[in-house]
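Notes to accompany the following structure.
All of the numbers you see were taken from the coordinates with simple rules; none came from a lab. Note that the coordinates shown come from a computational prediction; the quantities given were computed from them, not determined experimentally. In this analysis, Cβ positions are derived from the backbone assuming ideal geometry, glycine residues included, and neighbour counts consider all displayed protein chains.
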Amino acid sequence: MKRFLLILSAALSIVSAQAQDAFDKMVYCTGTTAQSGPDHWAYILFQPVKLDLLGGKTLAVYQQSGNSGPFALKSVITGPQSDPSVIKPLLARSLPLGQDLAQLESSITAMFQDAVPDPAIPLERKLSAVIQGTIKDPAKRQNLFLLARQHPAMALILGQGAALKLPNTGSFTMEVRLRSAAGQDEAVLGRVILNTAAPLVLPAPGQPFHVTDKTPRGHLHAQLRWATPDTLRQLSLSQYGFNVYRMTDAFVLSRGYQNNAPSRAQLTADVVAANAIRINRLPVLADRDYDAASVADPANTTFFIADDNKVFNGGTAFVDASNHWYFATARDILGRDGAVSQGRKVTMCDRIAPLPPTNLAVTSETTFAAGASKQWLRVKWNTPETNDASGFLKYYIYRWTNPDQIAVNQRTLDPAPVASNPALIGTVNHVAGTTSYSFDDTGLPGSPVQPANNGITFWYTVRAVDDSSCQNVSGNSTPQFGVLRDREGPPAASGDVLITCYSPAATFRSASLINNPTADQSRSQIHANLLAEATTPGLDEKATAEFWYGSTLLGIVAFKMEPGATALRARLLHDFDPTLSSIREINCYIRTGSGKRSAIAFMAGQLAPTNNATQTASIVFDASVSTVNQPASTANECGNQHEPSNPASDEPNYPHVVFAPPLTSREYKIFRRVDDGDLSLVKQGTYPAGTLAPQTIPDDAVPATAAEICYYVQCFDEHGNPSPMALLGCIENCAPLQAPMLATIEATGNSASPKMKLRWFCPPAGITRFEIFLHRASGDYTLANAGLSSDKAAHPNFQPFNSTQTTFDFSIFETASLQSLAAVQSAEHSVELPCSIGDVSRVMIRAVGKGDFNNRCVGPLSNGEEFSWTGSVASTAVDVPWPARPLPPKDSAAFPGLTPVWLNPKRATLGVGLPIGQFTMSDRTWLTPPAIGPNNEVPQTIIPATGSVASTLRKNADLAAKESGPFAGSLLPCVLFRYQVPNTKYPAVSGDVVQVSPMLEEIAHQTTAYPSSNGGTAQAHVVKDPFVAGVDLDPLEPEAVTVLALDRQPVVRGAEYKYLFVRFKGRTKEIDRIIPATGSITIP
């Protein structure tokens, strides 16, 4: 079908009494011709500016042949039409004009699907429904109005167009007239001259211009706009939109279209052959007209159409760096292409920026040459993961003086300004297969140097550049900073620890005779009232007063609040021998609850009563406590013992660390070590540069238990360089120790060797050892081979017994340290001591901390117990029978050679071990044996990984044949028991069987690379089980290592024990058999 156009368009206004030339009354008329076979057709399009301007009006189309002669009425038009029987012939009439009814139906369905009752109904019924449904909806009627510009059938139905078959070829003049209801013409709305012999083709638009978008929005697609020449702008009424065509670079070059645009016929042929693709489905409507200069303005981001090859609608994305050509044409009112524009070559560009580099770090590097050091900053990073098909090309490294500059740079991803940023200090090329990179900031303009830039912070970022055609640049990595610093730290600080203790004092106040007429007149003794009265805070009811007459102790009395008194008093009433001529040499000591004893206070003068019956000698002493705050290193009555609370108010006392800062330091850290534990940070802080004044720092979180506490200080300069760690001092924190609870003393031994067993209960926290106070009626107590110290007391050493005024001269013996007594600390303690038959012994016990006798923290005395050996007492315990089931068999032959071994000389505090297996370490230098820990921890057992851990255990062949699993035939699973047997030292024992291990089902271990003596590592099984250890027992065979089950429970020196293994069945955990160990062991 051939279509030709000769057009004269007009814009005339409808006659109106109000305003005949008003713009909103205007109707635009234009026209063209089309050829369908041998016939020629005229198409007249007339559209009003205002939507409803032609509503209800009748138009007439007249035709004149040539340029003269009469006009003949050819068509009367009313609209819009909504009757399907009228619409159907109008659809048929549009076909000679080139109307594509399928395309029209598609547009109607897409735009008005909610107005179409049934998608299967014919097109004329769909249009009828849409037109009727939009009568009261201006927005939808506007859409129909726009469709009339694209589809001539729609213009005919809406009454905005006419299709007339022409009688012959030649020139024709068409007039559109407004007709009254009576059929009279009222005005000419437009006149169009058509000539079928001289078609007019719309001029070509300007060459397409590619609007570059360097953001991810511009990824692999072209954005185009073009200029509208004046010749095309003058024919705008005959044009409706543009078409844009894409051709491959190879095809354009093969046809020479890069120099000469294709003709309309060539373009049509190329489209049919699929060498040219129209990228727009609907007409491209330009929202503004550009001229040749303004269309190429790069600052203007407006574009008319974008082409991504419909990647989101089933198409395939363009390939990065692929070249494509674009050509534009103007569409006439029948959608036909005008002349083709010059082509524009566009290179498709990957615009997805890579991810930023990861794990950025800035380190300070130092080298030494010729006795001088050189320090610089090194930037390190890792290659990020890829987020598209592109790889990496290089990396940009930036140096910043403050982080705010980074945010400004982050705003652009354009490679050009990124590469020219003045903060860019270097480029590192990407190397395939390499994921870690570094860059040294040295020798460059502005590189940090010493000493000028010491302490100045420099920030660094890195950006990745991909290897796409546009070389996209990532955002900045996470910024990291680096600082050049002076690496020489300040000297060690010096100082001390300030402690608080309370020093008691006794002072003589007065001595007088008091007359008491109501006294017992028959009394002959000299009656004395001895009183010590607290005059200062700090004494509590744990404090005591000792009253002496020369070298004779009269009594020890605790302070208490008497009725009506305002201060604590300790009062002793004592009757003296009436033969004394006077009372003198009455002396007094004050002892605090923490055990500190004052200096002696002497009575001044003497008292000579004249009537013993009515006179009382009143002797008064003042008792006071002074608070001592002093360095722990100062030698005085407090030593290094710190009392953590005020005994009168219970307010806390904190030790204070005092140190003099080194001149160049700016920061400090105080560390604390409790007993033999690890260092822990207590306090840290800063002070101004040049500070020399001593710093006093309280430890307000001191542990609540009694312990030795050592304080350390480390200072730092402004660059963070540390001083040596300095020990300031150690103190004994005299936190309250628990009072032991002494059980009833038990008779042990026999008449030939009578003994008494002391058992007491006291939590071991903070306790180093115990002091045992012993008194016996027959004289001083002496011990030999009892595991205790010699008598520590200076006699006479009178102490009140059971908080009464009755005192006895006690000997004081020390136990060994708790740590040496047992590997596992317990709250139950015991000792067995010799005694005499029929003699009365009195016993009290107290806990003490570290330090020497009379110079350490002490706890309160326990309750007192009296004891006289009269022989063993029969047990009153209820005899509980064994459950009514068969006893497990006793099988000593299943695992011969289970002989207990005392291991403490071999391996720290392992206690007793019983051999359950063996392995050979052929090369003793192969694995590095672990050392015993600083606190006598159990060293690890290392087994070469040439076999399993289970393979080291002894196996019984008969049992192994009946069982399965890695431990089949071994002692496991089992529980270890022991019982004490009589010997010369302990002839009478309870015979109780005690469990000393948990259920041993497997041996806990870890298979790992372990350090070897040659500097490398080797695979080994590292035993993590506290109840299993490997020990080389035979020095003649150092390669043989014995695997032992351990008894870690406390034992008594000199006691003799026997052991039993109770073996269980692996699946049911029923007892399988009891296996006695061979022989016994006596604890050395």
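Numerical summary
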| item | result |
| --- | --- |
| Proximal aspartates and glutamates relative to residue 126, as straight alpha-carbon distance under 19 Å, when same-chain residues fewer than 8 apart are discounted | 83, 100, 105, 114, 118, 137 |
| Under the Karplus curve 6.51 cos²θ - 1.76 cosθ + 1.60, θ = phi - 60°, whole-Hz ³J(HN,Hα) for the stretch 975-983, x wherever Gly or Pro sits | 10, 9, 10, 9, 8, 7, 10, x, 9 |
| Free-standing Cys, the chain [no other Cys Cβ under 4.7 Å] | 29, 588, 715, 762, 835, 974 |
| Potential extension, residue 421-residue 899 segment - 0.36 nm per residue separation minus Cα distance | 163.9 nm |
| Pair residue 739, residue 95: separation of 7 Å Cα→Cβ label points (nm) | 12.1 |
| Sorted by Cβ neighbour density within 10 Å, fewest at the top, the residues 154, 999 | 999, 154 |
| At 0.692 mPa s and 37 °C, Stokes D of the stretch 503-628 from Kirkwood alpha-carbon radius, µm² per second | 221 |
| Shape parameters for the stretch 10-195, alpha-carbon atoms, Rg then Dmax in Å | 16.7, 51 |
| Contour excess over end-to-end distance, with Cα ends at residue 866 and residue 486 and 0.36 nm allotted per residue | 129.6 nm |
| Within the chain, helix-based [θ] at 222 nm, where runs of 4 or more DSSP H residues each add -39,500 (n - 2.57), nearest 500 | -2500 deg cm²/dmol |
| Packing-based ranking, highest mean first, of 911-917, 165-171 given that Cβ atoms within 10 Å are counted | 911-917, 165-171 |
| Exposure proxy ranking, count of Cβ atoms within 10 Å, fewest first, for 1031, 192, 483 | 483, 1031, 192 |
| Candidate values [x] 55.8, 177; [y] 35.6, 134; [z] 36.8, 132, label of the one derived for Rg and Dmax of the Cα atoms in Å | [x] |
| Ranked by how many other beta carbons lie within 10 Å on average, peptides 960-968, 1000-1008, 611-619 from highest | 611-619, 1000-1008, 960-968 |
| Simple label model, 7 Å out from Cα along Cβ direction - residue 675 to residue 613, nm | 6.6 |
| Order of 1044, 123, 568, 424 under a 10 Å beta carbon neighbour criterion, fewest first | 424, 123, 568, 1044 |
| Distance in nm between pseudo-label sites at residue 826 and residue 792 (7 Å out along the Cβ direction from Cα) | 2.4 |
| Peptide ranges 28-35, 130-137, 668-675, 440-447 listed from the most packed, as the mean C-beta count within 10 angstrom indicates | 28-35, 668-675, 130-137, 440-447 |
